[in-house]
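Student: Just passing along the structure, written as structure tokens.
The values are calculated or read from the model by the stated rules, or taken from the named source; none is laboratory data. Since this is a predicted model, take the numbers as computed values, not measurements. No Cβ is skipped: glycine too gets one built from the backbone with ideal geometry, and neighbour counts run over all protein chains shown.
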Amino acid sequence: MRKLTKRGRNGNLYTRRPEVTAEILRLSCLPENEFIQEIEFPTSPENANISYEALVYFLRDSIVGQKGELTNFLFGRISERVLAIAKNKWHYFGKENADDVCNDVLLSFFGKISPPDGNGWEFAEANFSDFFEGEFLTCWRSRKRNLAKSNRTDSLDGFEHDGKAIADPNGEFDVSLEFSDLLDGVFDGLPEERKRAFALLEEGFPIESKHGEIATVSKMVGRSSRTIRNWVREAWEQYNDGARGRSL
């Protein structure tokens, strides 16, 4: 049986649970057609619910060994389970977003484990639950951020401005992931004028520019650059105060 050689974040080598090792040893001796048959129609109770870790182990071996039929079978079986777990978490993202989030999780999952020498394999073989939870949270946070950004952009509907939206060559304002986190925390409680300003900032418009042809937040909202920066500072203070309160 192939050994695990990579280390987790704690610096320790990944290890398989004893029951996973037993499953792998028990099923490894079967010819491919009997293996597929046993997974689909188990002949003994101990094969009735093979662990994710064991399935990932066999999937990796089938990819390396270029066993097309077995690879397709295992991809299908693992996909069914991954989608079932993700859909059971619908309370995170609402039933209306379930299919999109589940597909994100599935694509991310297989993207991580597809390279035969990738780090994702051994993590998934050692502790599939923790591996999946990490993928799920990453996908959900990404989709949640995109949904929130889309809702914030709605605040610009009917908002007229002059100037062409082009990149600022000086890069005066870079919208970072942290700025999106800020908006996730405070946006709903902002006055409409500030909502428009922050939505424009998130869209990539600079606060101000030395180049007259560039559309800036200051011009489009009709406020000085100092005022816009004060709004951002005050929003950060509000966000940090809230974060401190939640940690108490």
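Student: Just give me the residues in region 222-248 being surrounded by 20 or more Cβ atoms within 10 Å (Cβ to Cβ) and either part of a loop (DSSP other than H, G, I, E, B) or at pLDDT below 85 (or both), in sequence order.
Tutor: Ala235
Student: Inside region 2-79, counting only helices (runs of 4 or more DSSP H) that do not spill past its ends, which hold 2 or more residues that are at pLDDT 90 or above and within 19 Å of Leu106 (Cβ to Cβ)?
Tutor: Once the helices (runs of 4 or more DSSP H) in region 2-79 are filtered for at least 2 residues that are at pLDDT 90 or above and within 19 Å of Leu106 (Cβ to Cβ), what remains is 52-64.
Student: Another question, if that's okay. Report yes if some residue within region 12-31 is under 21 Å from Phe73 (Cα atoms) and of a type in the set (D, E, K, R); otherwise report no.
Tutor: Yes - at least one qualifying residue is present in region 12-31.
Student: Additional query: Would you mind stating whether Phe41 is without any contact (Cβ under 8 Å) to a residue 24 or more places away in the chain and among the aromatic types (Phe, Trp, Tyr)?
Tutor: Yes, satisfied.
Student: Take the residues in region 82-108 that are modelled with pLDDT of 70 or more and loosely packed, with under 12 Cβ neighbours inside 10 Å; name whichever of them is farthest from Ile63 (Cα to Cα).
Tutor: Selected residue: Asn88.
Student: Another question, then. Out of everything in region 109-154 that is among the small types (Gly, Ala, Ser) and buried (at least 19 other Cβ atoms within 10 Å of the Cβ), what residue ends up being modelled with the highest pLDDT?
Tutor: Start the filter on region 109-154 by keeping residues that are among the small types (Gly, Ala, Ser), which leaves 111, 114, 118, 120, 124, 126, 129, 134, 142, 148, 150.
Imposing the further condition that a residue be buried (at least 19 other Cβ atoms within 10 Å of the Cβ) reduces the set to 120, 124, 126.
Working: Gly120: 76, Ala124: 85, Ala126: 89.
So the residue we want is Ala126.
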